[in-house]
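Below: the structure, in structure tokens.
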Amino acid sequence: MYAFEWPIASTIRLIRSFVSERGASVVLIGPAGVGKTTVGRLLAQELDWPFVDLDETAELFVGVGPSEFPQWFRSASKQDRLLCMAAVWEAAQTQCAVVSAGARTPCDLHRALSLIRLGACIWLDAEVDIIAARLTALEQGLAEGTLRFTAPFHATGSPMTVILRRYRRSKHWYHALADARIDTSRANPREVVDKVIVEIRPVRDKYSR
């Protein structure tokens, strides 16, 4: 944990206390490998709501695949980046939707507050070794062509080392945003969906548009 991160988390919690109106959507946050996309699609089916994957929306807008998007974003002009992000947030504004946020999407004050206003923020989490194993399997499936939608594991070092580094940098944001945390380590997607439905009820009762 970095010393400068605590004031940011505290700021988010303080601002949340003054938010009197939030959307009816469900926002799934958390690191890669915890099942946000799988759970999100099942939850959307259960609620009969649209499913919006923010990463996938950005890739479709640009017209590149998940493996090419990071390079595009690094080399794109500021205007093109802003246009892409505007398209992503416009897609997320659906009145009632299940929104899957990228692992790093909440790790910015402006984006974090935008997610809060969309609706209930549910942090899907898992043990680090399980996340690493899932991401390794996802990468293998992508390489074999058996998976179409997944975020590739771009980084140097072992999966465990990379996951630990990313998780340590991001978890304070997840904690600050989350209305609830659900551990997916040993739960199947259907069980996680049932838990999410239970957790969003008090948030939806408190905030409504």
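Every number in this text was worked out from the coordinates using simple rules, so none of it is lab data. On a predicted model such as this, the values are computed, not experimentally measured, just so you know. Positions of Cβ are generated from backbone atoms using ideal geometry, with glycine treated the same way; all protein chains shown enter the neighbour counts.
Odds and ends about this structure:
- The HN-Hα couplings worked out from phi for the range 62-77 by the Karplus form 6.51 cos²θ - 1.76 cosθ + 1.60 (θ = phi - 60°) are 7, x, 10, x, x, 6, 8, 5, x, 5, 4, 5, 5, 9, 6, 6 Hz, whole numbers, x standing for Gly and Pro.
- With both labels modelled 7 Å from their Cα along Cα-to-Cβ, the E21 to A86 distance reads 2.4 nm.
- Near the amide H of V27, within less than 5 Å, lie the amide hydrogens of V99, A120, C121, I122, all on another chain or at least 5 residues away, with H placed in the peptide plane.
- Taking amide H positions as modeled 1.01 Å from N, with prolines and chain starts lacking one, the residues under 5 Å from D53 and 5 or more places away or on another chain are S100.
- Neighbourhood net charge (13 Å Cβ-Cβ; Lys/Arg +1, Asp/Glu -1) for V64: -4
- Note on K171: aspartates and glutamates with a C-alpha under 15 Å away, same-chain residues under 8 apart excluded, are E5, D108, D125, E127, D179, D183.
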